[in-house]
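Computed from the coordinates by the stated procedures, all read-outs in this text should not be read as laboratory data. Here the structure is a predicted model, which means the values were calculated and not measured. Reconstructed Cβ throughout: ideal geometry from the backbone, glycine too, with neighbour counts over all protein chains shown.
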Amino acid sequence: MTKNGEMHLSALRDGREVFLKGDKVGDVTRHPAYRNSVQTSALLYDFQAAPENIEALTFVSPDSGERVNRCWQLPESYDQLLARRHALESWAECHYGFLGRSPDHVASGLAGMMMGAEIFDKWDIARAGALRDYFRYARDNDLYLSYVIINPQADRSKGAGDQDDPYLTARLVDEDAEGITVRGAKMLGTSCIMSNEIWVTTIQPLKEDEAPYALSFAIPMNQKGLKILSRKSYEEAAVSEFDNPLSYRFDENDAVIYFDDVKVPWERVFIAGDVTMCAQQFHGTPSHVHQNYQCQIRLNVKMRFLLGLAHKIAEANGVIDFPSVRETLGTLAADAALVEALVTAMEVKGRKVGRYFVPDRHMLYAAQVQTQKLYPRVITTMRELAGGGMIMLPSSVEDFANPELAEYIRRSQGSPLFSPDDRVKFFKLAWDAVGSEFASRHVQYEMFYAGASFVTQGNSYRSYDWDGADKLVKRMMDSYSLEGALAKLGEKKHGD
């Protein structure tokens, strides 16, 4: 049976230990800090299970024979990659691109690892077997996975092994015949509140003497000793769905994950104590490319939504025909087209890696460099378009419940496009997208989810075809010489 929303909600009532505002949270499907975003995640599974969507969004698992989301599909051709992308786009449209760690993200990373599983075979056949078994399990149960792959910041001038507390960052405590024991913290557990399981590893470079931090494993969110330390809930702070329509539904939450001597069985361990393999799992396989390709698909949808808001802001304020405003909107349209073009280029320039068809690595890294700068610029431009219109709004929907106050509101909220009520509704939405605390978190997220800018720029540098560029320069330089120029100069003088 294809996974649906009720199946997902039921699985989340598992006794996981979530902490918020000094207390342990009970059922995350009912708690006011999480219930709406959790319901959003359930709606994704209802959407894929709907009869009209099931063919496009799912495929038949080669092992179970059941239909699962296409995010688990390992495309073997350009056409399969395209079909997979269309499925991911449809899912992203359900949340307008605001769930950065929707179920298809970590699944894409794990699928990329599977495409290059031979690297694990050459390293350790038992760990390779654990990876393959887990992938089949996660795929056939259509799991919602989150991950923590970054170390706590602490003293950033020092590596994981040089911090004052050797257990600040999650590390190996010991191992025995049953598995490994892990103690310490990892971040950012985005969407872990509504995930089934979590993949724990590190993407940051490690030194050879930091082998205890070189781990890769997956465990359920209710594993004994796993503590979920939630950030403030923007959903809980939302005044109402009318006042904060995005915060109210799409606050995927982030959390520090603390491992209080968590026991991980060997069948869930992919890497334990090998620094080289920690890097290879991402960059020696298509994992890093595949998971970040998903990010750009999602961002492409989000950009279309933001462009729609920007266009409506100009119409709502009656400035859509101003030449300067059209120039601004034209620039925003070019920004959106850039994201779309880079997604398309990743696919068109993709290539076969063994059996599988993988998006182009450099086009992906070029997209990351550009979009880290692009997103905050787009948000700032939308603020400039709106002016004070997103701020001078009623305090909450409750103001409309007072007939006298509602009358004053309707007299003061004019627009050539919207009725007064709809103008308030629209600009409340626009503010939640670009100016609220929820929106501010999204700016930070889009700027840093792929790493600091020097990381993405370094990836772009390493993956560019410098040999091809250098050959063009060499061919041009080889086409003339100093001797030839001097000879021509002599001929010219002789001719004169």
Which whole-angstrom value gives the distance between the alpha carbon centres of the stretch 1-58 and the stretch 85-130? 19 Å
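For a quick protection proxy, order the peptides 186-195, 408-417, 241-250 by their average other-Cβ count within 10 Å, most packed first.
Details: 186-195: 25.0, 408-417: 14.0, 241-250: 21.0.
Highest-to-lowest ranking by the protection proxy: 186-195, 241-250, 408-417.
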Gain in span if fully extended, R410 to N53, counting 0.36 nm per residue against the direct Cα distance: 124.4 nm
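To the nearest 0.05, how large is the calculated FRET efficiency for E241 and D79 if R₀ is 45 Å and r is the Cβ-Cβ distance? Numbers along the way, then the final one.
Numbers: r = 40 Å, r/R0 = 0.89.
After rounding, the FRET efficiency stands at 0.65.
Run the numbers on the chain and let me know its relative contact order in percent, using alpha-carbon pairs under 8 Å that are six or more apart.
Working: 810 pairs, mean separation 77.9, N = 496.
Once normalised by length, the contact order is 16 percent.
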Between R13 and D321, what FRET efficiency follows from the Cβ-Cβ distance if R0 is 56 Å, with the result rounded to 0.05? 0.55
With the crude spin-label approximation of a point 7 Å out along Cα→Cβ, what separation in nm comes out for I119 versus Y480? 4.5 nm
Length gain on complete extension for the stretch D162 to V473, per 0.36 nm per residue less the alpha carbon to alpha carbon distance? 107.5 nm
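Defining a contact as two alpha carbons under 8 Å apart and six or more residues distant in sequence, what relative contact order in percent does the stretch 5-283 show? Don't skip to the end; give the middle numbers.
Numbers: 527 pairs, mean separation 62.1, N = 279.
With pairs under 8 Å counted, the relative contact order is 22 percent.
Rounded to the nearest 0.05, what FRET efficiency do V60 and R355 have when you use their Cβ-Cβ distance and R0 = 25 Å?
Details: r = 18 Å, r/R0 = 0.71.
That pair, V60 with R355, gives E of 0.90.
Among DSSP beta bridges lying fully in the chain, give the percent that are antiparallel, nearest 5. Intermediate results must be reported in sequence, preceding the final value.
Working: 33 of 41 bridges.
Antiparallel: roughly 80 percent of the beta bridges in the chain.
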